[in-house]
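Below: one structure, written as structure tokens.
None of the figures in this text is laboratory data; all of them are computed from the coordinates on show. Fair warning: this is a prediction, and the values are worked out from it, not measured in the lab. Ideal geometry is used to build each Cβ from the backbone, glycine not excepted, and the neighbour counts take in all protein chains shown.
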Amino acid sequence: MSEPTDTASAPLAVTPLHDLHVRLGARMVPFAGYDMPVQYRDGILTEHNHTRAAAGLFDVSHMGQAFLTGPDHETTARALEALVPADIVNLGHGKQRYTQLLNAEGGILDDLMVTRSSDPDEDGALMLIVNAACKHQDYAHIEAHLPANVKLMRAEHRALIALQGPKAAEVLARHAPEAAGMGFMAARSMKVAGIDCHLSRSGYTGEDGYEISVKANKVASLAETLLREPEVKPIGLGARDSLRLEAGLCLYGHDIDTTTTPIEAGLTWSIQKRRRTEGGFPGDARIKEELANGPSRVRVGLVPEGRAPAREGTEIRATDGSVIGAITSGGFGPTVGGPIAMGYVSRGSADVGTPVVLMVRGKELAAKVTAMPFAPHRYHKG
Amino acid sequence: MSTRYTKDHEWVSLDGDVATVGITDYAQQQLGDVVYVELPEVGKKVTKGGEAAVVESVKAASEVYAPLSGEVVEVNPALEGAPATVNEDAQGKGWFMKLKLDNRGDADELMDEAAYKEFLATLA
């Protein structure tokens, strides 16, 4: 049997929960420069299903947390709007928004979450959460483009955990009663089990849940408190990947990168109307053109026939044999109960139901373009 | 009839010149939940060290190498509908294929159980 080929040689960073992962029997692997749990004792399938059925606790402390601070909201928001296509000026108090750092060609440098504090006294500050593998480039890029009166402050003393699943709200309410009243993509500071935290009702699994930012020296205590709840189990990066794939969510470096635009990636929803009209972000000319005339290729969901998964890099062909794209994420969807994938195909082949051929180990595997998400989103409404 | 092992974590059980081949319990633990096994066609000739099958977990695809040279004479029909059999009984009901060996004597070069256990100890 071939061995997995993780051959990172640089010393790995650890999160403040590293000791806890090891104690919980995690299998640790290198990921984005960190030694991270890919799974715990129960395995990826069980962890995935547990998150869909109850509540899973994820360590996402490797992600980059930072604050942009300026004299007032308008100034800070405009500084960020020069780098991203989302409407940040009109982001409400206590609201979070998904967006992308773009290059001059409209390609995606990283995707990120932007949060405006619920406290008007903190106006002028925006919290950013960026991908672990991109954070150093992101910070350099942002700092190089900020006006003199807006600063980037890295929040390296903060950890981040996610509690995800249909029981997440019920569990968290035992330790933070106010959390239950938060709407989807709302953000607030509050105590959880007596610990100062910053919460957002969001996540990357397609389930209801929260991301909880907390000081690094308090996160182990908070995680252990949540893990003592009978509904909660620790979940590794393996299930995080299968959950987000079923939810149709992009993984940076795979489904989106510097060669893909938000329009190609199906992220048009994340560009609010004012920005589509006004532009004023990197690559705006291309993005306006793609909005008007359609991109040449688009990200689609794919369901292979049978049980064989088709992995990242698999060539996608039309039924006439012409190459129309490639898979960017693919694997087995435990909730779907079969193989699923996403990838880019030329626009003419992107309609739901279009039959395509996947070249898996030199053999043709029939598949169909499918609507995403593969497993329905169950975000909190209300 | 004795069971032999490879450093690639395959096991081989000999019955005359026919070898039943699978992956070891250690291998299935390392892989995690098996969701698909691609088996060779019956009649295919495989060469020792060459790719003979592919086993896919939720996370990744791994190649299974032929532990010995020979012709595939049977594949495990249970794995198509129930790939998790590999996790449940890797060294029993989760067998992959039967090979009619080119040279039965080749099996003697593989590790016996004691040697394989010693080898596993070096990986821990």
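Short-range pairs are left out: with C-alpha atoms under 8 Å and at least six residues apart, the relative contact order of chain B is 30 percent. A straight Cα-to-Cα reach below 16 Å connects A:Lys135 with the aspartates and glutamates A:Asp110, A:Asp111, A:Glu143, A:Glu156, A:Asp257, residues fewer than 8 places away in its own chain not being considered. Legend: P(r) of the protein assembly as shown from all alpha carbon pair distances, 10 Å bins from 0, whole percents, reading 4, 18, 25, 24, 16, 8, 4, 1, 0. Its DSSP H runs of at least 4 residues, each contributing -39,500 (n - 2.57), put the calculated 222 nm mean residue ellipticity of chain B at -5000 deg cm²/dmol, to the nearest 500.
Once the C-beta distance of A:Ser322 and A:Lys151 is scaled by a Förster radius of 41 Å, the resulting FRET efficiency is 0.20 to the nearest 0.05. As a proxy for reagent exposure, ranking A:Lys215, B:Lys7 by other Cβ atoms within 10 Å from fewest up yields B:Lys7, A:Lys215. Once the dipole of region A:188-337 is set up with Lys and Arg at +1 and Asp and Glu at -1 on Cβ about the Cα centre, which of A:Pro309, A:Thr319, A:Gly238 lies farthest towards its positive end? Value computed over the given set: A:Gly238.
Within region B:3-104, how many lysine pairs that are 8 or more places apart, or on different chains, have C-alpha atoms less than 16 Å apart?
On the way: B:Lys7/B:Lys48; B:Lys44/B:Lys98; B:Lys44/B:Lys100; B:Lys45/B:Lys98; B:Lys45/B:Lys100; B:Lys48/B:Lys98; B:Lys48/B:Lys100.
Pairs that pass both the separation and distance tests number 7.
Between the C-alpha center of region A:329-382 and that of region B:91-124 there is a gap of 38 Å. In this simple spin-label approximation, A:Ala292 and B:Ala84 carry label points 7 Å from Cα along the Cα→Cβ vector, and these lie 5.4 nm apart. Dipole of the protein assembly as shown computed with +1 at Lys/Arg Cβ and -1 at Asp/Glu Cβ about the Cα centre; of A:Ala223, B:Val21, A:Gly253, farthest Cα towards the positive end is A:Ala223. Taking the Cα centre of region A:1-147 as origin and assigning +1 to Lys and Arg Cβ atoms and -1 to Asp and Glu Cβ atoms, the resulting dipole is close to 440 debye. Its DSSP H runs of at least 4 residues, each contributing -39,500 (n - 2.57), put the calculated 222 nm mean residue ellipticity of chain A at -5500 deg cm²/dmol, to the nearest 500. Separation of region A:144-170 and region A:260-283, taken as the distance between their Cα centroids, equals 23 angstrom.
Take B:Val35, A:Val60 and order them by how many other Cβ atoms sit within 10 Å, fewest up front. Please report the intermediate quantities before stating the final value.
Numbers: B:Val35 26, A:Val60 22.
So the ranking, lowest neighbour count to highest, is A:Val60, B:Val35.
The B:Ser2 and A:Arg228 beta-carbon pair, evaluated with R₀ = 35 Å, returns a calculated FRET efficiency of approximately 0.10.
Just to be sure I understand: of the beta bridges DSSP finds with both ends in region A:225-382, what percent are antiparallel, rounded to 5? Can you show the working numbers first?
Working: 30 of 31 bridges.
Within region A:225-382, antiparallel bridges account for around 95 percent of the total.
Counting only residues at least eight positions apart within a chain, or on another chain, the lysines with an alpha carbon under 17 Å from that of A:Lys273 are A:Lys288. Excluding same-chain neighbours fewer than eight residues apart, the lysines reachable from A:Lys167 by a Cα-Cα span under 20 Å are A:Lys191, A:Lys233, A:Lys381. Sorted on the mean count of surrounding Cβ atoms within 10 Å across their residues, most packed first, peptides A:247-253, B:113-119, B:12-18, B:66-72 read B:66-72, A:247-253, B:12-18, B:113-119. When the charge dipole of region B:3-104 is built from unit charges on Cβ atoms (+1 for Lys and Arg, -1 for Asp and Glu) and taken about the Cα centre, the candidate among B:Gly43, B:Gly32, B:Ala78 whose Cα reaches farthest toward its positive end is B:Gly43. Exposure proxy for B:Trp95, A:Trp269, B:Trp11: other Cβ atoms within 10 Å of each Cβ, ordered fewest to most, give A:Trp269, B:Trp95, B:Trp11.
Among the residues of B:28-39, the average count of other protein chain beta-carbon atoms within 10 Å of the residue beta-carbon is 5. Residues whose amide H comes within less than 5 Å of that of A:Arg378, counting only those at least five positions distant or on another chain, are A:Glu207, A:Asp208 (H built at 1.01 Å from N in the peptide plane).
Put the Cα centre of region A:14-59 next to the Cα centre of region A:299-315 and the gap is 26 Å. Put a plus charge on the Cβ of each Lys and Arg, a minus charge on the Cβ of each Asp and Glu, and nothing anywhere else: the dipole of region A:296-375 about its Cα centre is then about 120 debye.
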